[in-house]
Structures are given as structure tokens and as C-alpha cells.
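The values are calculated or read from the model by the stated rules, or taken from the named source; none is laboratory data. Everything numeric in this text was worked out from a predicted model, so none of it was measured. Here the Cβ positions follow ideal geometry from the backbone for every residue, glycine too, while neighbour counts run over all protein chains shown.
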Amino acid sequence: MVTQPIHMACFFRRRIASKLSRCLGLPEDTFISALCAIPVSKKQQSPDFRLSVKALLSKGILPDNGDLEAQTKTLANQLQQDDVVEEIFAGRGVIHFRVSRIQLVQKVLEQSRKERDKFGMKSELLKGLKKGTTVVEFSSPNIAKKFHAGHLRSTIIGNFIANLKGSLGNNVIRMNYLGDWGMQFGLLAAGFQSFGCQEKLKMNPLQHLFDVYVQVNREAENDEAVEQAGREFFRQLEQHEQHAMALWRQFREITVSEYRKVYKRLGVHFDVYSGESFHQKQAQEVVLRLQTQGLLKTTEKGTGVVDLSPSGDMSNYSTLLRSDGTSLYITRDLAAAINRKEIHNFDEMIYVTDKSQGNHFQQLFQILLAMGHLWAERCQHVPFGLVQGMKTRLGEVVFLEDVLDEAQARMLRNMSQAKTTKEMDDPEDTAEKVGISALIIQDFKGPLVSDYKFDWDRILQAQGDTGVFLQYTHARLCSPSAVWNAIAIQEPTACASSADCYDEVLYQSACDLQPKHLVNFLMTLSHLAASAHRHLPVKGSPQPATVYPSDTKSLFSCVCTVLANGMRILGITPVEKI
Ligand code: ARG
């Protein structure tokens, strides 16, 4: 649970804090941060805020008389209810507060009218977050290799983090760090020189490079000469020999232009396409610097290493130079980080990769700090878990395009079978957007670091906590034909109290960079809205009780805005018709 900073002061929170302040003779701010908003649940009459008396006692804010229960009850009884805070009741060591539903709806509507599509974004809570330049490095596939599920995860998670940071007012630099250098690239180029084909490269670049790469690796396993040719090509690259560089440049340009197309389908863009290759020269400089700082040691095998063990016994070290003098992945990452700091002068940098690279980034940050780059304290690795079983009809996923095609095709089929599907101008486009939402929601539901099993049928269901359900709900709320004026009393107010928490949810996500808070929030809001929709009266039936019927429509348009904004931060394009 994220602790609430002092400045967090929504209307209701302030109101309750002022009651406590008057009753206990302590400043209002003491209680503002101590009050915890309770997520909306489907239970009727559930409270909105909780105050832990136990915590106040243990922090010494209130004197402890030894009987927690009695003390909690007495305090709860002393607090006066009013037309805003309608219910106050004691639980075990906690006091619950429930605010007026009518006031709640009105406050949310007032805010919605004032802030419109910036709803929630102007909150004090969010203003208090640090702003600055944030580099988010994500996706980062390797030229000629498979774009596996891990790269897809990195792409959508990084996009979410960049969107979130951007929406909170940071200057975000979205960076793709291509795997375009190293021994593997030397092997690819050597392979292309012996059995590559320019024609095929132009026709179907990613496929051809992949085929060459697979073949050359197979050959290198049995033939030392092939391996040697790869090493030789990489050496030439490191020396910047012209013909080697020309081939390298061609592969890189073709790959980037292919990727751009697919990222566009995903709604993802990058400000910078960088790559490991950019840092070869700087990598040499880093090595020199480490040498002059006395940090680089040469081993008996001739490799260059940095000892990272606390007691200097090499129990933890990182290799930066091969015995032939060529650089490694971490050498290039060091150079890249220093170079980015020089160019972008970022305030923070976030790397998004699978958790197997956790140790790599720890070492990277440690070396940077040892070199005196204190800004490495503000570099962060966001790790994620494995996805098992992401397959398409054609088998294993090789390219990002395969996943997107599959999501679209399956969604299109589901839409054509659903009775409720509307007439639309471009069903393929809708199917793609909804299919992508399904992928994203499935991926973002749990803690990022968890592994999960991928299942097309499950993620594409129209009911339950899926991206498809989210899109359906959003589309329904957009529909002008809906009769919003007579909706049962419970859901609209619950929607309001849910929408009211939007800023807190964004705050939580900004603190730990986990999308699950936002996903859970959007799901709850959608379920409430969908349930309200189900309560729409059938023509001619008696009208149920309403809260300010004329306002209900505005409330739902506010919910629709919040849903759409939240979806966009997640990287989902909301559709208006399904
Ligand atoms: N290209 C790498 C891979 O596919 C990911 C790069 C991560 N970023 C970094 N700065 N090392 O595993």
C-alpha cells in the first residue's frame, strides 16, 4: 500500500480530517495522510475511508490507554455525522467513514464539468509527484532474431510507463535500444555473405534475415570455419571497416522501417531508435576510463573485469572486455547510459526487460556508481516474468506481426458470431484494437514480475475481467441511444465513488510502475457501469429510484471519459462501437 503524502486532500478526506482535528485537537494534516481510501466494492453500504486508530496509537499520535477497542469506539462516538459524512462506525481498531452518495455524485460531476477530459489529472496528489525528463527504454528487439513474447511484454509495459509518465507531466523520451551489434551480428553478416539474397531481403526483410540467422547458427555448430568468419566480421565491424559497415547499415535500416510499421499497429512509437552499435567508440572510452580509475583488472585469460565484491575477492565480478579486445553487452550498456545522460540529461531512466536480466542491470548501475556517476541512483530496471505458450495457428511466434494478426483474426471471428455486433465502417480495425486490448489487459492484470500462461480463448472472452469486456463497456457508454435517466440508485453512486479514486490509482501506479492498479480500477468501474446498464428499465416497467435523474447521464459520460483516459494510458485505443 502506498502511503498518502500530506498534500493529498480531496474534498471528503479534508472534511473527515477536519472532524478528527476538532475532536482531538491535532492539525488536520495529521489525519489527511492517515485516512485510507477504500476501493469500491459491490457491497452496498461499504465505507469510503478507513482510519487506523491502532496505527495512530503505535506512532504515538494518540495516547494509548491500553484498551484499543474501547478507545476506538469512544472516538467513533465522539465524531459527529453530518450531511457530508453520513456514517461513522467503529471496527476492530479502525473507524470507517461513509460519505453522502448524493454529495459524492455532485462532487464528481462538478469536477468532471470543470476538468473534462483531464478528469482527475489536476489533483493535488498527482501535482506532488516529481516531474522531469524520463528516459524509458523498452521493446529493444535484436536484429534477425525472434521477436519473442518477452519483447512484446517489454513493448507494452514500456509504452504504459511512458504514457503514464507523460500524462503526469514528465518530459518522456521513448527509446528503442536495438540489438544490432555483437558476435551474433557478425555471424549473421557472415551468413548473409555466403547464402543471403538481396531480392529476398527486399521482399520480406525480417523473414529473410531470420532464416539466414537460423541457418548460419546451425552451420556454425558443426563448422569452426563459419564461427571464425562470424568472429572476423564482428572484428571488422568493431574496426569500422567500410564494406562491413555498409552491410550492417542496410540490415539495420530495413529492420527499423519494418518494425515501425508493426509498432504503429500497436499504437506505439519511439522518439529514438538507438542500439548497441552506437556505443562502440564510447565503449572503448569507458574501458579507458575504468583503467585510469583503477577499476578494470586484466585476468590471466586476458579478459578485462571489474570486481564488484564488497571485500575485493572477485566473488562478484563483471567482464567488460574479451581477450581479443572486443566489447560485451554490459560494456555497451555502460557507454549507452553515459551517452544518454550527456545527450538527454535525464532525471530518471527506466529499463524494461524480463527478470532474467536483473543481475545485469544491478551490475550496470553498480559500475556506473563506482565510476562516480551518481545519477545511476535514479536508474531503474522494471523486470517482468515469462509468458508461456504464446502460439499462433502457424505455431511458434517469430514476429510481432504474427501475434497481432492472430489477435485480430480471432477477434474478427468472435465479432461475426456475436449477436450484439454493430454495423461498423471498418470491422478489421475494430477487431485489431479490441484484440490488442485483450493482450494488454491479460498481461497487466497481475504483478509484472509474475509468469503467466497464455490462452487466446480466455483473453478474448466478452465477459469477465478482459480487455474485450472493457471495450464493450466503453462502447456502450458512448452510445447516444442509451436511456440513462432512470438507473437504479446503487451503481451510479458507486461509479462516482470509484471514479473519484482515479488520481489515487494513477498515483499508486506512478510509485511502483505497476499497471495492475489501473487495470483493477478500470475493471471495477466497468463492472459497475455494466451493471447499471443492465438495470435500465424495459419500456413500460415502473421506474426505479434514481439519484438526480438528470445528472445520471453526465455521470456516465464522466465514467466514459475516465475509462477512455485510463485505457489510453494502458496503451489501449478505446473503440466507440463493437
Ligand atoms: N536486446 C536485448 C534483448 O533482447 C534487450 C535490451 C535491453 N536493454 C539494455 N539496455 N540492455 O534481450
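Taking the criterion of being part of a helix (DSSP H, G or I) and either closer than 29 Å to residue 500 by Cα or modelled with pLDDT of 95 or more (or both), the residues of region 43-67 that qualify are 53, 54, 55, 56.
One line per residue, one yes/no per condition, for (1) part of a loop (DSSP other than H, G, I, E, B); (2) within 18 Å of residue 11 (Cβ to Cβ):
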residue: 98; (1), (2): no, yes
residue: 116; (1), (2): no, no
residue: 121; (1), (2): yes, yes
residue: 126; (1), (2): no, yes
residue: 136; (1), (2): no, no
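Of all the listed residues (450, 416), the sole one being outside the structural domain of residue 255 (by TED's automatic domain parsing) and part of a helix (DSSP H, G or I) is 416.
Annotation for region 128-138: at least one member residue is more than 22 Å from residue 174 (Cα to Cα) and either within 16 Å of the ligand (Cβ to nearest atom) or outside the structural domain of residue 277 (by TED's automatic domain parsing) (or both). Kindly indicate whether any position in region 437-447 is surrounded by fewer than 20 Cβ atoms within 10 Å (Cβ to Cβ) and more than 18 Å from the chain's Cα centre (by Cα). No, region 437-447 contains no residue that is surrounded by fewer than 20 Cβ atoms within 10 Å (Cβ to Cβ) and more than 18 Å from the chain's Cα centre (by Cα). Can you work out which of the residues in region 360-374 that are away from the ligand (no atom under 12 Å from the Cβ) and surrounded by fewer than 19 Cβ atoms within 10 Å (Cβ to Cβ) is nearest to residue 337 (Cα to Cα)? Going through the qualifying residues, I end up with 373.
Applying the criterion of at least 2 residues that are charged (D, E, K, R) and within 16 Å of the ligand (Cβ to nearest atom) to the helices (runs of 4 or more DSSP H) found wholly in region 238-355 leaves 329-344. If a residue has to be within 15 Å of the ligand (Cβ to nearest atom) and assigned to a helix (DSSP H, G or I) to count, how many in region 375-385 make the cut? Here the count works out to 1.
Of the residues 253, 238, the single one that is of a type outside the set (Lys, Arg) and either touching a residue at least 24 places away in the same chain (Cβ under 8 Å) or in contact with a helix residue (DSSP H, G or I) (Cβ under 9 Å, 6 or more places away or on another chain) (or both) is 238.
Listed by first and then second residue, the pairs linking a residue in region 176-200 that is touching a residue at least 12 places away in the same chain (Cβ under 8 Å) and under 14 Å from residue 230 (Cβ atoms) to a residue that is more than 14 Å from the ligand (Cβ to nearest atom) and among the hydroxyl-bearing types (Ser, Thr, Tyr), with Cβ atoms under 9 Å apart and 6 or more places separating them unless they lie on different chains, are 182/326; 183/326. Condition first: within 15 Å of the ligand (Cβ to nearest atom) and part of a loop (DSSP other than H, G, I, E, B). Can you find one or more residues in region 148-159 that meet it? Taking every residue of region 148-159 in turn, at least one turns out to be within 15 Å of the ligand (Cβ to nearest atom) and part of a loop (DSSP other than H, G, I, E, B).
Across region 256-296, what is the total count of residues that are out of contact with any helix residue (DSSP H, G or I) (no Cβ under 6 Å at 6 or more places or on another chain), closer than 30 Å to residue 436 by Cα and surrounded by fewer than 19 Cβ atoms within 10 Å (Cβ to Cβ)? Residues meeting the conditions: 10.
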